[in-house]
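What follows is calculated from the coordinates using simple rules that are stated; it is not laboratory data. All values reported here derive from a predicted model rather than from experimental measurement. Cβ coordinates were reconstructed from backbone atoms using ideal geometry, including for glycine residues, and neighbour counts include every protein chain displayed.
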Amino acid sequence: MGTFSEGGSRLTQKSWITATRDELIHWAQAHSMWYFPVQSGCCANELIHTYSSQYDIERFGVLPQVEPRQADLLIITGAINSKSVESLKRVYFEMVEPKYVIALGACACSGGLYRPTGPITGIGPVDEWVPVDVYIPGCPPRPETILHGLKTLQEKIRERVRVKKKNFN
């Protein structure tokens, strides 16, 4: 319990921050995500909009990368068709561990109009080919929703909540 000085504005007792090594590592991983975008739809515009000074995605420690070998977060926007599945898998397996995936928009989350039973042929949701940690719904989702999804992923990383991995080979 701290005591205050005469003016009542300053805390005179020193406080300590205690954490385990794992908590510190998880906090650092959550606030230094480098992502590789797979942009194939209209949701890509909203993701790009989060770079603007109004939303500033980099204040959360999320930085874009041009190489999947340097990224630990994969953000998939738009529909995935049968021609791009192998490329998507290759990008996912080239990423460093631990790796995380965000499905952004209705097409990536559920197939949208492009699901196999829809009017335009597609292959369905992304989670059939790579494990998804966070789904950000919307058509297209607003930048505020994207930031909320990133904060949700950061919370999952800090708490070490992971998607049960299945064999996606």
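Some values worked out for this structure:
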item: All aspartates and glutamates inside 12 Å of residue 156 as judged from Cα atoms, apart from same-chain residues fewer than 8 positions distant; result: 133
item: Highest to lowest packing among 65-74, 98-107, scored as the average C-beta count within 10 Å; result: 98-107, 65-74
item: Built amide H within the under 5 Å cut-off of residue 101, gap 5+; result: 74, 133, 134
item: Peptides 49-57, 134-142 ordered by average Cβ neighbours within 10 Å, highest first; result: 134-142, 49-57
item: Kirkwood-based Rg to Rh ratio, the stretch 34-157, C-alpha trace; result: 0.95
